[in-house]
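Here's the structure, in structure tokens; my notes come after.
Computed from the coordinates by the stated procedures, all read-outs in this text should not be read as laboratory data. This one's a predicted model, so the numbers in the text were calculated from it and none came from an experiment. Backbone-built Cβ (ideal geometry, glycine too); neighbour counts: all protein chains shown.
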Amino acid sequence: MSGVNLVSKRLQIVICLVLSTMFNSAGFAADETLLERGTYLMDGIAACGNCHTPKNPDASDVEGMAYAGSFVIESPNFKAYAPNITMDIETGIGSWSDEEIIRSIRDGLRPDGTLIGPPMPSPVYALMSDRDVEAIVAYLRTVEPVNNVVPKTVFNITLPTSYGPPVTTVTDVSKDDPIAYGRYLTYTLGHCFDCHTPLEENGYNFDRIGESGRVFDNIFGLGFTTVSLNITPHKQYGLGEWSDKEIKRAMQEGVSRNGRSLVRAMPFPNYQNVSEEDMNAIVAYLRSMKPLPAD
Ligand code: HEC
Ligand code: HEC
């Protein structure tokens, strides 16, 4: 019996491998429409709804309020409310042009020229490719308008007037280099280091990228505090000894290596939609990082 099972398991694996190569060599990216790409990103690695969709006490999304904004995100530097980014004309971004939405995401500037402050991760979205940012706009255009007025963010810091020169053209990062592509997925699209880098008095300490220790007070307004963990390949403090499967399980199921359930700060349900190919690139990139703290 078990021999037969083993053979059929092997056969299944072979079939999967053949199918996945066919899928890749067919170049699915070329056939993918902008809206399909946008849906894949929004339901997956980009997870804008992790901040822009209000949450129930169990951290699930409030029904009928997708991207309608309004829960508080607190830090010593701000008490922020992610705005309504539905297509509602009055209280959302329904009246903004595609170019204006793209500028708000990558340059962090509203149509009236004011700066969008943290924690909106525009400084990392500046590296988002033209195709991906256009795909996200194509998706946002399909979001149901919700009339919802959101309070204004209060900043305890002085914001700059801009994050840098305007973003013009950003080309796609090729999947042929899994580490560069993995960096694009983690650093840019997933803004992982926004949460996983220590935030010090003067901002992020970029010498300690991925080392963690960032405290989240009252995350999603749900009343609990959590601290992000070390995702560098440090053998003792980071993911150095973890298997690929364990890293994927933490991201997609919210279970740490020792079996502990992780606090729902990361959007696990979204990361479940990230393709195997993209998950492998993310893991490859994390493994290529500098282990921290330095020995
Ligand atoms: C970490 C939380 C977070 C994530 C992730 C995030 N945002 Fe934001 N976003 C915010 C906050 C907070 C603001 C408002 C900041 C302020 O008040 O200055 C904002 C502002 C915006 C605005 C300006 C809206 C307005 O009316 O001023 C747009 C558009 C926007 N975000 C789109 C997006 C998109 C698209 C994504 C995903 C690609 C995204 N955001 C991801 C937190 C986030
Ligand atoms: C909104 C903030 C946020 C974002 C975005 C985020 N994380 Fe996390 N992550 C956390 C927090 C907080 C924890 C720890 C939760 C806990 O300890 O219960 C965590 C835990 C982890 C763990 C488990 C570590 C361990 O020791 O158990 C891994 C792996 C991880 N994150 C990887 C990633 C990757 C890769 C990305 C980007 C694709 C990412 N995270 C994006 C906040 C975030």
statement: Here the convex hull volume per residue of region 173-295, taken over Cα atoms and given in Å³, is 113 Å³
- line: Any residue on another chain or 5+ positions along whose placed amide H is under 5 Å from the amide H of Lys55 is listed here as Val62
- line: Checked against the positive end of the charge dipole of the chain (+1 on Cβ of Lys and Arg, -1 on Cβ of Asp and Glu, about the Cα centre), the farthest of Tyr139, Thr114, Phe216 is Phe216
- line: Taking 86-98, 273-285 and ranking on average Cβ neighbours within 10 Å, highest first, one gets 273-285, 86-98
message: Quick check for me: using +1 on Lys/Arg Cβ and -1 on Asp/Glu Cβ, what's the dipole size of the chain about its Cα centre, in debye to the nearest 20?
response: 900 debye
field: Dipole axis of region 173-295 (+1 Lys, Arg; -1 Asp, Glu on Cβ), positive-most option in Phe206, Ser275, Gly254
entry: Gly254
task: Pairs of lysines 8 or more apart, or on different chains, with alpha carbons under 20 Å: count those in region 173-295, would you?
output: 5
- prompt: In sequence order, what are the phi-derived ³J(HN,Hα) couplings for region 159-164 according to the Karplus relation 6.51 cos²θ - 1.76 cosθ + 1.60 with θ = phi - 60°, rounded to whole Hz, with x for glycine and proline?
  reply: 7, x, 7, 7, 8, x
task: May I ask you to evaluate 6.51 cos²θ - 1.76 cosθ + 1.60, the Karplus curve with θ = phi - 60°, for each residue of region 62-70 and list the ³J(HN,Hα) values in order in whole Hz, giving x for glycine and proline?
output: 6, 5, x, 10, 3, 6, 8, x, 3
